[in-house]
Amino acid sequence: MQSKKHAAPWLDLDGAQGEGGGQVLRSALTLSMITGTPFRIEGIRANRSKPGLLRQHLTAVQAAAAICGAQVSGAEPGSQRLSFAPGPIRGGDYRFAVGTAGSCTLVLQTVLPALWFADGPSTISVSGGTHNRAAPPADFLLRAWQPLVSEMGALQTLELVRHGFYPAGGGEVVASVSPCALLQPIALDERGQYVGLKAEAVVAGVPGSVARRELERLRAQIADVDGAIRELPSREGPGNAVLIEVRHARVTELFTAFGERGLPAEIVADQAAKQARHYIESGAAVGEYLADQLLLPMALAGGGRFTCASASSHLHTNITVIEKFLPIEFDVEPFANRVSVSVVV
């Protein structure tokens with residue numbers, strides 16, 4: 001998959017389709033850069049309580065435009081329409097700031113696949129929120145997503161430099177990327193042999209007693225869980241998260257719940273445990289969120305398949321966008337208590 005100058009006809013996209021969130025825009029930006037296809041989108045995040053471009057979406061647009069020298073119109077806070085005409089993807093050193101607790105990880109996931117096909121190596125730093133409930137946390141990218149895209153041939157490393165919790169933000173994630181000649185399909189029908197399960201209670205500017213209560217609750221619900229407290233400097237908070245890592249030979253999954261003012265520590269632990277148990281009991285290779293994140297790399301590889309615990313509306317929306325840009329189709333078939341997703345060329 002190689003990027004090219006835009007000579008293709010414009011694509012018109014409906015930002016309100018499917019679950020009507022920011023995924024339509026993010027996937028369109030990524031695929032526009034890689035394929036050279038310009039697009040127009042209306043109804044950006046139309047189904048959200050605050051429709052239009054928020055800071056994290058605007059930062060993703062600005063980052064994509066900087067990386068490929070795109071011609072853009074409509075890139076303003078609150079805008080529900082945008083046009084994006086890409087140029088060649090350029091390697092280099094980039095720094096972007098969301099400026100709020102808006103997600104660093106969603107910005108990174110917009111531009112990283114494009115940088116796999118740049119004309120040279122890149123370093124990219126994104127500052128803002130690294131841990132909030134509306135996006136995959138940085139730990140998820142490092143532990144669950146990164147190993148699988150590396151197996152497919154993506155040449156990148158990720159580093160969580162500083163945590164940034166909602167609502168303060170202030171975190172930073174840095175990625176180093178080298179171009180790859182070709183992505184390889186991946187087949188994840190099964191997870192492989194069970195390796196282990198561990199939990200972390202992360203606190204920053206929050207009493208350690210909160211983390212201890214969370215781990216005690218997890219130990220009462222999940223047998224043989226290996227728990228640890230991670231206390232961060234108070235300047236990286238205030239914030240609290242419970243992470244449950246489920247490791248198998250083929251896949252590492254990570255499930256997260258976030259503490260917030262007025263929410264008991266036990267409820268936070270329950271939320272994380274519920275996600276982990278659903279995945280474990282399903283027998284699927286990947287969970288709901290990792291399934292979403294694997295669609296685009298598999299499509300770029302031109303093949304692959306996985307089983308997942310459930311197919312979310314987010315997944316179906318992403319499939320619709322990808323199929324507009326690339327000459328592939330996805331097959332989504334439910335069976336037993338899981339779902340099989342595969343690329344059909």
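The values are calculated or read from the model by the stated rules, or taken from the named source; none is laboratory data. If you're wondering where the values come from, they're calculated on a predicted model, not measured in any experiment. Methodologically, a virtual Cβ is constructed for each residue, glycine included, from the backbone with ideal geometry; neighbour enumeration extends over all protein chains shown.
A few points about this structure:
- In the set (1) modelled with pLDDT under 95; (2) among the acidic types (Asp, Glu); (3) within 26 Å of Ala168 (Cα to Cα), Glu214 fails one condition alone, (1).
- Contacts under 7 angstrom Cβ, first residue in the stretch 174-195 being closer than 29 Å to Val126 by Cβ and small (Gly, Ala, Ser), partner modelled with pLDDT of 95 or more and in a loop (DSSP other than H, G, I, E, B), 6 or more apart: Ser178/Pro121
- Qualifying residue in the stretch 191-208 (condition: under 22 Å from the mean Cα position of the chain (by Cα), modelled with pLDDT of 95 or more and part of a loop (DSSP other than H, G, I, E, B)): yes
Residue-wise test of (1) in the same structural domain as Arg247 (by TED's automatic domain parsing); (2) of a type outside the set (Val, Ile, Thr); (3) at pLDDT 95 or above; (4) in a strand (DSSP E or B).
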{"position": "Gly128", "(1), (2), (3), (4)": "no, yes, no, yes"}
{"position": "Arg133", "(1), (2), (3), (4)": "no, yes, no, no"}
{"position": "Leu158", "(1), (2), (3), (4)": "no, yes, yes, yes"}
{"position": "Ala168", "(1), (2), (3), (4)": "no, yes, no, no"}
{"position": "Val173", "(1), (2), (3), (4)": "no, no, yes, yes"}
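- Screening the candidates Glu190, Glu200, Glu159 for the property of being among the acidic types (Asp, Glu) and under 30 Å from Val345 (Cβ atoms) yields one hit, Glu190.
- Of residues in the stretch 278-321 being in contact with a Pro (Cβ under 9 Å, 6 or more places away or on another chain) and of a type in the set (A, V, I, L, M, F, W, C), the one nearest to Ala28 (Cα to Cα): Leu296
- Residue, surrounded by the fewest Cβ atoms within 10 Å (Cβ to Cβ), within the stretch 104-126, restricted to residues that are in a loop (DSSP other than H, G, I, E, B) and among the small types (Gly, Ala, Ser): Gly120
- Close pairs from the stretch 250-273: first part of a helix (DSSP H, G or I), partner among the aromatic types (Phe, Trp, Tyr), Cβ under 8 Å, at least 6 apart: Val268/Phe258; Ala272/Phe255
- Of note, Leu290 does not satisfy the criterion of being within 19 Å of Asp139 (Cβ to Cβ), in the same structural domain as Ala211 (by TED's automatic domain parsing) and touching a residue at least 40 places away in the same chain (Cβ under 8 Å).
- Hits in the stretch 180-202 (condition: farther than 30 Å from Val225 by Cα and touching a Gly at 6+ places or on another chain (Cβ under 7 Å)): Cys180, Leu182, Leu183, Gln184, Pro185
- Boolean, Arg261 is of a type in the set (Lys, Arg), outside the structural domain of Phe165 (by TED's automatic domain parsing) and closer than 30 Å to Arg219 by Cα: yes
- Qualifying positions in the stretch 270-320 - under 12 Å from Leu254 (Cα atoms) and basic (Lys, Arg): Arg277
- Put simply, of Ala265, Ala228 the only residue that is hydrophobic (A, V, I, L, M, F, W, C), exposed (fewer than 14 other Cβ atoms within 10 Å of the Cβ) and more than 24 Å from the chain's Cα centre (by Cα) is Ala228.
- Among the residues of the stretch 84-100, none qualifies, meaning not one is of a type in the set (S, T, N, Q), within 16 Å of the chain's Cα centre (by Cα) and in the same structural domain as Val24 (by TED's automatic domain parsing).
- Residue in the stretch 313-333 that is under 21 Å from Arg143 (Cβ atoms) and either in the same structural domain as Ile41 (by TED's automatic domain parsing) or within 18 Å of the chain's Cα centre (by Cα) (or both) present: yes
- Checking every residue in the stretch 186-200 against the condition of being in contact with a helix residue (DSSP H, G or I) (Cβ under 7 Å, 6 or more places away or on another chain) and small (Gly, Ala, Ser) gives at least one match.
- Single unsatisfied condition, Arg219 versus (1) under 24 Å from the mean Cα position of the chain (by Cα); (2) farther than 24 Å from Phe165 by Cα: (1)
- For Met33, the conditions (1) within 30 Å of Gly237 (Cα to Cα); (2) assigned to a helix (DSSP H, G or I); (3) modelled with pLDDT of 95 or more all hold with the exception of (1).
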